[in-house]
């Protein structure tokens, strides 16, 4: 079945919950990725209201804050997440012992670091899960690159990427959390980005 992506974006692109229902009605397996950053409980709640057992994938770099790990446990239990965690081939302790602290973004080694701790685990997750639909919580406010994206897109491998809350503001996200009594996590750090408004590359490649 061919999809009219433009029509779907016009009709559902500003209605996150309707877009989630549409995405999860498609034939084929769907997954949702998360990193448990601020406001992640929104997408996790939306998807599990429609499909409670949807596979949720977390690429845990090993460099998350203690608060992020506690939040991941809390929201996973609250929503009963069907969570699979993908780690880099080397543990953080192993990598740090051999190569020292993670490289800064202006260090030539940073691209290889990002590949090791985030991109390779994501590629592994895609191979093992083999989804047709990928749900993600990226938002246009995040970066200039994401502001140019559409809520629904089709990549070169035929994977349907769905970003239901792309057009939502931080205020929209906060109000959803309040409405559904969901926790949040602001003590978050991503060593592949370091700075706000910076891409790690995952959403540019896929």
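Residue-level check: of (1) within 21 Å of residue 46 (Cα to Cα); (2) loosely packed, with under 15 Cβ neighbours inside 10 Å, residue 182 misses just (2). The helices (runs of 4 or more DSSP H) found entirely in segment 79-132 that carry 1 or more residues being closer than 27 Å to residue 160 by Cβ, within 23 Å of the chain's Cα centre (by Cα) and modelled with pLDDT of 95 or more are 120-129.
Within the set 128, 99, the sole residue that is without any contact (Cβ under 8 Å) to a residue 60 or more places away in the chain and farther than 18 Å from residue 157 by Cβ turns out to be 99. When you scan segment 190-204, do you find a residue that is at pLDDT 95 or above, surrounded by 16 or more Cβ atoms within 10 Å (Cβ to Cβ) and under 16 Å from the mean Cα position of the chain (by Cα), even just one? No, because not a single residue in segment 190-204 is at pLDDT 95 or above, surrounded by 16 or more Cβ atoms within 10 Å (Cβ to Cβ) and under 16 Å from the mean Cα position of the chain (by Cα). Filtering segment 156-171 to residues that are at pLDDT 90 or above and within 25 Å of residue 26 (Cβ to Cβ) leaves 158, 159, 160, 161, 162, 163, 164, 165, 166, 167, 168.
In segment 154-174, is there at least one residue being touching a strand residue (DSSP E or B) at 6+ places or on another chain (Cβ under 6 Å), farther than 21 Å from residue 8 by Cα and surrounded by 12 or more Cβ atoms within 10 Å (Cβ to Cβ)? No, the conditions are met nowhere in segment 154-174. Taken over segment 27-69, residues that are assigned to a helix (DSSP H, G or I), surrounded by fewer than 17 Cβ atoms within 10 Å (Cβ to Cβ) and in contact with a helix residue (DSSP H, G or I) (Cβ under 9 Å, 6 or more places away or on another chain) amount to 2. On the given criteria, is residue 140 part of a helix (DSSP H, G or I) and on the phi < 0 side of the Ramachandran plot? No; evaluated as a whole, the condition is false for this residue.
Test residue 123 against the stated conditions and say whether it is out of contact with any strand residue (DSSP E or B) (no Cβ under 7 Å at 6 or more places or on another chain), in contact (Cβ under 8 Å) with a residue 24 or more places away in the chain and surrounded by 12 or more Cβ atoms within 10 Å (Cβ to Cβ). No: the conditions fail for residue 123.
The values are calculated or read from the model by the stated rules, or taken from the named source; none is laboratory data. Source: prediction; values computed, not measured. Reconstructed Cβ throughout: ideal geometry from the backbone, glycine too, with neighbour counts over all protein chains shown.
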